1. Criterion first (under 30 Å from Gly246 (Cα atoms), of a type in the set (A, V, I, L, M, F, W, C) and open to solvent by less than 10 Å² (accessible area, probe 1.4 Å)) does Leu498 satisfy it?
2. Could we say that Ala158 is in a helix (DSSP H, G or I) and either open to solvent by less than 10 Å² (accessible area, probe 1.4 Å) or more than 15 Å from Phe72 (Cα to Cα) (or both) here?
3. Pull up the stretch 396-432, narrow it to residues that are touching a helix residue (DSSP H, G or I) at 6+ places or on another chain (Cβ under 7 Å) and aromatic (Phe, Trp, Tyr), then point me to the one that is surrounded by the fewest Cβ atoms within 10 Å (Cβ to Cβ).
4. Among the residues of the stretch 131-149, which ones are out of contact with any helix residue (DSSP H, G or I) (no Cβ under 6 Å at 6 or more places or on another chain) and of a type in the set (S, T, N, Q)?
5. Please work out which residue is least open to solvent (accessible area, probe 1.4 Å), limiting yourself to the stretch 161-181 and to residues that are closer than 29 Å to Asp112 by Cα and among the hydroxyl-bearing types (Ser, Thr, Tyr).
6. Right, Gly226: open to solvent by 40 Å² or more (accessible area, probe 1.4 Å), within 23 Å of Lys120 (Cα to Cα) and modelled with pLDDT under 85 or not?
7. Is at least one residue of the stretch 263-279 open to solvent by 60 Å² or more (accessible area, probe 1.4 Å), in a helix (DSSP H, G or I) and at pLDDT below 75?
8. Only one of Val423, Val406 is hydrophobic (A, V, I, L, M, F, W, C) and not in a loop (DSSP other than H, G, I, E, B). Can you tell me which?
Amino acid sequence: MTWEEFAERSQRERTWIEIGGEDYQVIEVLDLRKTSLVLLIFKKGKGFSVVKISTLMKKEPPSVLEEGDEHFLNLMEFWEVDGVKAKGNGWEGYLQAKNITRWEYAEGVLGDWIGRADGKQSEEWFLQVMEALSIIHRRGRVHLDVKPSNIFLVGGRAKLGDFDFYSSLQELNARRKKGNFFAGTYGYMAPDFFGKGPVSEKVDIYSAGVTFARLITGLDFPAIKGETPEEYTLRVRELLLRRLQGRKGKLSALLIKMLFLSPGERPSADEVIKSLKGQENAEIEDSGKSRSKKRIRLPLFLLGLLLLALISSGLYFALRNGKFGEPSHINSGNLQEKGQTSHPKPGPPKPGPLEPGPPESGLPKPKPPKPRMERVFLQVKKRAIRLFRNRFGKWEAELPYGIRMVFVKGGKFTAGCVEDYCVGEYNPPHRVEIPSFWISKYEITFSQFDAYCERAYCGTWQVLFYIMNKPPDFFLGRGQNPVFMVSWEDAMNYAMWLSSQLSLPFRLPYQDEWEYAAREGGRWEVYPGFTPEQAQSHAWFLENGMIYPRRVGLKLPNSLGIYDMAGNVLEWCMDDYGYGEKVLKGGTVNSPLEGLKTYLVYHYPIDHRDITTGFRLVIGGE
């Protein structure tokens, strides 16, 4: 009998397995893999427990419980076997197995809570798992299979279990050097595990990052489409990062770092714990300060009451003695004698003696929400090295890594073709309202993209027989030249990495946003900020005699101060074209003049790379 058949029967009917000469009822199948089957079982007198049937090893799992049972699932019993007897209503069979381990009872696994756990609970479980990994890593060992089905929930606490691949780093790297060791689960394995060099305990950190990114985003793993393990891992990482981008909270920021930084910069378990606990200590300290302030305010409050009583008594006696009557030089009697009528100042009528006035809660009035434009503007202002108005009077922000952004105030405009006769594939005319946003002043350069590749895994490029870990420039120069040979996926990964570094929600523009910025805030234009006669001074294109992209910012900008919105390199957008392709805008250095029109739509598959594809980024909008 195969494990798949047994698992299917267990879902439909009551089944049992024989362990140590005793029959246990199968309550639930917790995990099913090629090498193991994890079950929640029950026996009267022994209660519930977790059992793992494995074909991988015949040795007893390592002891990792010396520093306290709270971090790890407790091992109850272990048996070496040649098979496991299984039976149900009117049938019997044998499951292939080499060993059985019985662990303490768990209510379930972390995988049961994917997309369902609240933020506070997720952080608690995350901290508990990182503490377990810290214990393992301090011993120079690695777990190698951190995932939702291997994190068990016992009394509401997350405990790490399943030590099939548990190994010392020294042993792991020795076996990797021989090329005969493969461990882990597709999608959870760190990208650095697929290289030929040694790995560190940071592979567990990456796996934990994927696990908890799934927990809080609710992502279901996609089907494998004939990919290698490395390709599938990178695709899963991209999907998770898209969901994490823009999410608030300390946990999301940490997960992005755990997933996206290079192994050397990826935080250790102790660093993650310190970061989370540092936040808690800050909250405790703040609450202590607020209590001390209250203690100071109490005597001041009593003093204020005393002063108020004295002033009130003084006013009472003054009124009683007639010292605060009407002014003698202008009273109602004097006005009536001159035939005039007194008119009270306009205002709401005062309540009568039996009409109660509106209740006063004593609470401060809530501040009106800030407009969307102001929120987006302040978001960048807080992170900017320098904020100033450019020579066109538009706000410009200088950010780390050489990023320059121009603020584009939102508005309504007619996007798409605004000519009587539209050429090529084009964005059909439609009226749209664009929220305010920031957009890159220049196309992203090699210098900026290289900074990303030096700090994180940014992909691989093959040129003839050479494999490179950054885009090739074909000897045309890097530096301030626009980065090319980048796919839509490469551009998105860069945006996500930059978001994690600067805590700003960078992304690619939508084509309507791109057109709005190119047409200088939605003007009725065909070319981005110039007439056909001015094209030579504003764009690199076919009539310049150029055949390769040139340094950014050498031509004139449009009236917002944005450069190279026409020609040079095509720029990836967020929009789907269909058939697995994405939209690009702006034309290339090889485009004719007509190919620079703002409404034209270019499209390529998301993994397409060539010397004419680049990108710029935006913040805000949507």
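1. Details: under 30 Å from Gly246 (Cα atoms): yes; of a type in the set (A, V, I, L, M, F, W, C): yes; open to solvent by less than 10 Å² (accessible area, probe 1.4 Å): yes.
Judged against the criteria, Leu498 is a match.
2. Values: in a helix (DSSP H, G or I): no; either open to solvent by less than 10 Å² (accessible area, probe 1.4 Å) or more than 15 Å from Phe72 (Cα to Cα) (or both): yes.
Judged against the criteria, Ala158 is not a match.
3. So the residue we want is Tyr401.
4. Within the stretch 131-149, none qualify.
5. The first filter runs over the stretch 161-181 and keeps only residues closer than 29 Å to Asp112 by Cα, leaving 161-167.
After this cut, where a residue has to be among the hydroxyl-bearing types (Ser, Thr, Tyr) as well, the list is 166-167.
On the way: Tyr166: 27, Ser167: 5 Å².
Applying the filter and picking the extreme gives Ser167.
6. Numbers: open to solvent by 40 Å² or more (accessible area, probe 1.4 Å): yes; within 23 Å of Lys120 (Cα to Cα): no; modelled with pLDDT under 85: yes.
No; evaluated as a whole, the condition is false for this residue.
7. Yes.
8. On the way: Val423 fails: not in a loop (DSSP other than H, G, I, E, B).
Of Val423, Val406, the one residue that is hydrophobic (A, V, I, L, M, F, W, C) and not in a loop (DSSP other than H, G, I, E, B) is Val406.
The values are calculated or read from the model by the stated rules, or taken from the named source; none is laboratory data. This one's a predicted model, so the numbers in the text were calculated from it and none came from an experiment. Virtual Cβ from ideal backbone geometry, glycine too; neighbours counted across all protein chains shown. We work out accessible area using only protein heavy atoms, side chains counted, and drop any ligands, DNA or RNA first. Shrake-Rupley method; radii C 1.70, N 1.55, O 1.52, S 1.80 Å.
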